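Reading through the structure tokens given below for one structure.
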Amino acid sequence: MKKIIHTEHAPAALGTYSQAVQVGDTVYLSGQVGLVPASMELAEGGFDGQLHQVMQNLRAVCVAAGGQLEDLVKLNVYLIDLGHFEQVNKLMAGYLKPPYPARAAVQVSALPKGAEVEIDGVMVVGSRI
């Protein structure tokens, strides 16, 4: 059985998808861009501001599913400029603690709403890594 996860503390879905779907102890988090939930506008502050908002959005969905960022086991980072790779590492270190989740980072030509970064992930709840 799958359980749909939704929170008002993260942006509403922009299409035909859920913020997250839980099957057993595994939660599949849809991609988050740097949209501020209240306004549905991109966060101010350029790339850094958007990345901080992405992490806050992911945290909100994790909490809604009964977990936290530390329960993430896999992240996929999509960047319109792979030159931001080092910034991603520095900023994410403020949100994640070792052991870090597995991660991929790829450059893409465009993201929804003109965002500079999008992150999706997989979380396991109910047991700490």
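On inspection, LEU14 fails the criterion of being surrounded by 15 or more Cβ atoms within 10 Å (Cβ to Cβ) and either within 16 Å of ILE119 (Cα to Cα) or of a type in the set (Ser, Thr, Tyr) (or both). Of all residues in region 114-129, exactly one satisfies the criterion of being surrounded by fewer than 16 Cβ atoms within 10 Å (Cβ to Cβ) and at pLDDT 95 or above, namely GLY114. In region 30-60, of all residues being out of contact with any Leu (no Cβ under 8 Å at 6 or more places or on another chain) and part of a loop (DSSP other than H, G, I, E, B), the one that is nearest to VAL88 (Cα to Cα) corresponds to GLY45. Report yes if some residue within region 86-94 is of a type in the set (S, T, N, Q), over 21 Å from THR16 (Cβ atoms) and in contact with an Asp or Glu (Cβ under 9 Å, 6 or more places away or on another chain); otherwise report no. Among the residues of region 86-94, at least one is of a type in the set (S, T, N, Q), over 21 Å from THR16 (Cβ atoms) and in contact with an Asp or Glu (Cβ under 9 Å, 6 or more places away or on another chain), which makes the answer yes. Taking region 34-64, which residues are surrounded by fewer than 23 Cβ atoms within 10 Å (Cβ to Cβ) and either of a type in the set (Val, Ile, Thr) or under 26 Å from VAL125 (Cα atoms) (or both)? Answer for region 34-64, where residues must be surrounded by fewer than 23 Cβ atoms within 10 Å (Cβ to Cβ) and either of a type in the set (Val, Ile, Thr) or under 26 Å from VAL125 (Cα atoms) (or both): LEU35, VAL36, PRO37, HIS52, MET55, GLN56, ARG59, ALA60, VAL63, ALA64. Every test in (1) surrounded by fewer than 20 Cβ atoms within 10 Å (Cβ to Cβ); (2) touching a residue at least 12 places away in the same chain (Cβ under 8 Å); (3) of a type outside the set (Lys, Arg); (4) not in a helix (DSSP H, G or I) is passed by VAL27 save one, and that test is (1).
Could you please find all residues in region 37-63 being more than 13 Å from the chain's Cα centre (by Cα) and free of Cβ contacts under 8 Å to residues at least 60 places away in the same chain? Answer for region 37-63, where residues must be more than 13 Å from the chain's Cα centre (by Cα) and free of Cβ contacts under 8 Å to residues at least 60 places away in the same chain: PRO37, ALA38, SER39, MET40, GLU41, ALA43, GLU44, GLY45, ASP48, GLY49. Scanning region 9-24 for residues that are at negative phi, out of contact with any helix residue (DSSP H, G or I) (no Cβ under 9 Å at 6 or more places or on another chain) and outside any strand (DSSP E or B) turns up ALA12, ALA13, THR16, TYR17, SER18. Total residues in region 65-96 satisfying the condition of being exposed (fewer than 15 other Cβ atoms within 10 Å of the Cβ) and either at pLDDT below 95 or within 16 Å of GLN53 (Cα to Cα) (or both): the figure is 5.
The values are calculated or read from the model by the stated rules, or taken from the named source; none is laboratory data. All of these numbers come straight from a predicted model, not from anything done at the bench. Neighbour counts are summed over all protein chains in view; Cβ atoms, including those assigned to glycine, are modelled from backbone coordinates with ideal geometry.
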